[in-house]
There are 2 protein chains.
Amino acid sequence: MKRLALAAAALSLAAFAPASPPGTAAAIASSTPADWRRVDPANLLYMEVGGGTVIIELAPQFAPLHVDNIRTLVRERFFDGTSINRVQENYVTQWGDATEKKPLGSAKAAVPLEGERPAKGLAFTRIRQRDAYAPRVGFVDGFPTAMDRKGNAWMTHCYATLGVGRGEATDSGSGAELFTSIGQAPRHLDRNYAAIGKVLQGMELLTAWPRGTGPLGFYEREAQRVPIKRVRLGSDVPPAERIELEVMRTDTPAFAAFVDARANRDRDGFLIGMKGVDLCNIRVPVRPVATP
Amino acid sequence: MKRLALAAAALSLAAFAPASPPGTAAAIASSTPADWRRVDPANLLYMEVGGGTVIIELAPQFAPLHVDNIRTLVRERFFDGTSINRVQENYVTQWGDATEKKPLGSAKAAVPLEGERPAKGLAFTRIRQRDAYAPRVGFVDGFPTAMDRKGNAWMTHCYATLGVGRGEATDSGSGAELFTSIGQAPRHLDRNYAAIGKVLQGMELLTAWPRGTGPLGFYEREAQRVPIKRVRLGSDVPPAERIELEVMRTDTPAFAAFVDARANRDRDGFLIGMKGVDLCNIRVPVRPVATP
């Protein structure tokens with residue numbers, strides 16, 4: 001694409017007629033403040049790595065036990081001084097204690113995967129899109145979600161989903177090793193690994209590292225690991241240092257218009273709209289809270 | 001995932017009972033030489049970048065005009081000394097002449113997108129998977145492909161698909177600027193940009209670069225660009241230097257077994273098989289040709 005190519009998407013908005021269904025940017029622009037949800041700081045992780053800060057939202061509604069354990073690990077500064085240890089092409093970036101021997105403090109050493117899924121009773125907003133993996137897909141509080149015919153729901157592994165590393169035993173994950181998906185959505189991990197949140201900002205600090213040449217993409221030499229300076233809970237960050245973010249609500253007509261625009265990119269200046277969009281290609285809008 | 005986690009996939013093969021449907025690795029292992037296609041060197045690009053060689057297969061069956069033009073550009077050494085100029089997170093890596101002024105030699109300056117699609121009469125092998133973008137999906141000669149109800153087929157933009165950059169005019173792409181998809185499949189580009197091949201080997205040489213901070217992920221400073229030493233056509237590479245690759249044929253029962261295994265990863269040691277797989281999560285196996 002030349003520079004002009006995708007700029008066309010922005011230019012076409014100038015010609016946008018109010019009576020037409022909106023394009024992606026117009027769908028966001030025409031939302032109201034009530035269409036956005038300010039993220040609870042108690043659910044945010046601030047991870048300082050690679051000269052920047054990755055902001056992650058935890059999802060206790062899907063994984064209360066894991067989130068509780070990770071909050072304990074973070075508060076006790078478990079992650080400070082750990083590192084990114086694995087970058088596997090088109091799959092995952094994983095971080096934590098490379099030695100796998102660092103004491104977990106008062107956190108649990110093992111959190112059962114089974115206790116976290118499948119979650120019933122979540123406020124699921126379905127989108128009418130076909131999916132290769134599940135009969136129904138949609139969102140719960142901004143997290144991409146699939147549902148079976150019995151109403152059991154689970155968070156899906158899309159790009160930027162936060163997952164818990166574990167060994168073979170399904171209760172061997174503590175949250176001391178975390179990963180995020182960096183390529184095509186590895187949906188075969190759904191329900192096999194605990195999906196517990198997603199990266200809201202700073203994915204470029206997790207993806208742009210040399211791929212590990214060891215088995216599974218682990219770095220073979222200590223010097224290759226990327227240091228993590230520290231990880232803090234949003235609610236422990238002094239107010240003056242906080243990065244206040246809001247996420248578009250996924251249970252509103254405004255979000256439905258956004259999904260519709262993603263499925264019909266001809267409204268954004270493309271020649272042909274596909275009349276469809278994959279669940280994992282709907283990146284829920286995130287933006288800084290406007291300061292008055 | 002701890003080190004043990006994905007190793008389980010390999011370990012489980014030891015316990016694989018011959019009467020069961022095969023897992024992914026077993027499906028490949030039980031293929032015969034006739035299930036593989038040696039890639040025609042006239043369709044290969046060897047691109048030397050980042051200290052390694054990216055191997056790309058061109059698809060003249062989808063894009064004869066573009067492929068012809070790119071062969072001309074390569075033969076006249078257009079790409080030697082150009083660079084990667086754009087890396088946009090979860091979207092594309094793009095390379096070519098950053099000045100957009102380098103003479104195109106005897107290549108055409110403009111190849112119409114319309115002439116290349118939709119392609120009828122290709123040997124399309126359908127896979128029985130749901131897709132958000134098209135009523136039918138499958139493969140043509142190893143390339144991921146979608147088809148409408150009239151039988152028109154087009155190559156899809158999956159991870160590693162090779163695309164042609166262009167300006168707003170649909171005949172403004174020459175092949176002098178190329179891109180590949182580096183994240184979640186940007187399927188909304190399907191039929192909007194010419195998809196003309198795919199990267200068979202060396203994606204890690206295209207994805208692990210700092211993301212550009214300019215508009216659309218372009219690098220803002222010349223020093224950030226990643227030099228491309230040279231690009232050669234496979235058929236122009238001296239036989240002793242060639243990297244002989246073969247791609248699994250996608251029109252065989254062996255490949256159908258591979259797809260089935262990808263859709264049912266419980267056979268690979270996962271707890272739950274999703275009974276489905278996205279077109280773009282089926283990475284067609286590629287391997288070096290065994291030397292006798």
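The values are calculated or read from the model by the stated rules, or taken from the named source; none is laboratory data. On a predicted model such as this, the values are computed, not experimentally measured, just so you know. Using ideal geometry, Cβ is built from the backbone for each residue, glycine included, and neighbour counts are taken over all protein chains shown.
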> Does B:R191 satisfy being facing chain A (nearest Cβ under 10 Å), of a type in the set (D, E, K, R) and touching a residue at least 60 places away in the same chain (Cβ under 8 Å)?
Replying inline: yes
> Mind checking which residues of the stretch B:253-292 are among the aliphatic types (A, V, I, L, M) and in contact with a helix residue (DSSP H, G or I) (Cβ under 8 Å, 6 or more places away or on another chain)?
Replying inline: B:A254, B:A257, B:A261, B:I272, B:M274, B:V277, B:I282, B:V284
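Need a quick list: strands (runs of 3 or more DSSP E) entirely within the stretch B:21-71 having at least 3 residues that are touching a Lys or Arg at 6+ places or on another chain (Cβ under 9 Å) and touching a residue at least 60 places away in the same chain (Cβ under 8 Å). Spell out the reasoning first.
Values: elements: B:36-38, B:44-49, B:52-58.
By residue number, B:44-49, B:52-58.
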>> Yes or no: the stretch B:269-286 includes at least one residue that is among the acidic types (D, E), surrounded by 21 or more Cβ atoms within 10 Å (Cβ to Cβ) and within 14 Å of chain A (Cβ to nearest Cβ).
In response: yes
> Across the stretch A:170-188, what is the number of residues that are in a loop (DSSP other than H, G, I, E, B) and either facing chain B (nearest Cβ under 7 Å) or hydroxyl-bearing (S, T, Y) (or both)?
Replying inline: 6
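Take B:G167 and decide whether it is facing another protein chain (nearest Cβ under 10 Å), at negative phi and not charged (D, E, K, R). Don't jump to the end; show me each part of the working.
Values: facing another protein chain (nearest Cβ under 10 Å): yes; at negative phi: yes; not charged (D, E, K, R): yes.
So B:G167 passes the test.
In the stretch B:68-85, how many are closer than 26 Å to B:G183 by Cα and more than 18 Å from the chain's Cα centre (by Cα)? Explain how you work it out, then say what you get.
Residues of the stretch B:68-85 closer than 26 Å to B:G183 by Cα: B:70, B:79, B:82-85.
If we keep only those that are more than 18 Å from the chain's Cα centre (by Cα) too, we end up with B:79, B:82-83, B:85.
The number of residues fulfilling the criteria is 4.
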> Going by the conditions given, is B:G81 of a type outside the set (V, I, T), surrounded by 16 or more Cβ atoms within 10 Å (Cβ to Cβ), on the phi > 0 side of the Ramachandran plot and in contact with a Pro (Cβ under 9 Å, 6 or more places away or on another chain)?
Replying inline: no
> Taking the condition surrounded by fewer than 22 Cβ atoms within 10 Å (Cβ to Cβ) and among the charged types (D, E, K, R), does A:R265 pass?
Replying inline: no
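With A:P253, A:P215, A:P238 as the choices, which residue is within 13 Å of chain B (Cβ to nearest Cβ) and either surrounded by fewer than 23 Cβ atoms within 10 Å (Cβ to Cβ) or at pLDDT below 95 (or both)? Write out each step before concluding.
Details: A:P253 fails: within 13 Å of chain B (Cβ to nearest Cβ); A:P238 fails: within 13 Å of chain B (Cβ to nearest Cβ).
Result: A:P215 is the single residue among A:P253, A:P215, A:P238 that is within 13 Å of chain B (Cβ to nearest Cβ) and either surrounded by fewer than 23 Cβ atoms within 10 Å (Cβ to Cβ) or at pLDDT below 95 (or both).
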> What tally of residues in the stretch A:86-109 results from selecting those that are surrounded by 15 or more Cβ atoms within 10 Å (Cβ to Cβ) and either modelled with pLDDT under 90 or among the acidic types (D, E) (or both)?
Replying inline: 2
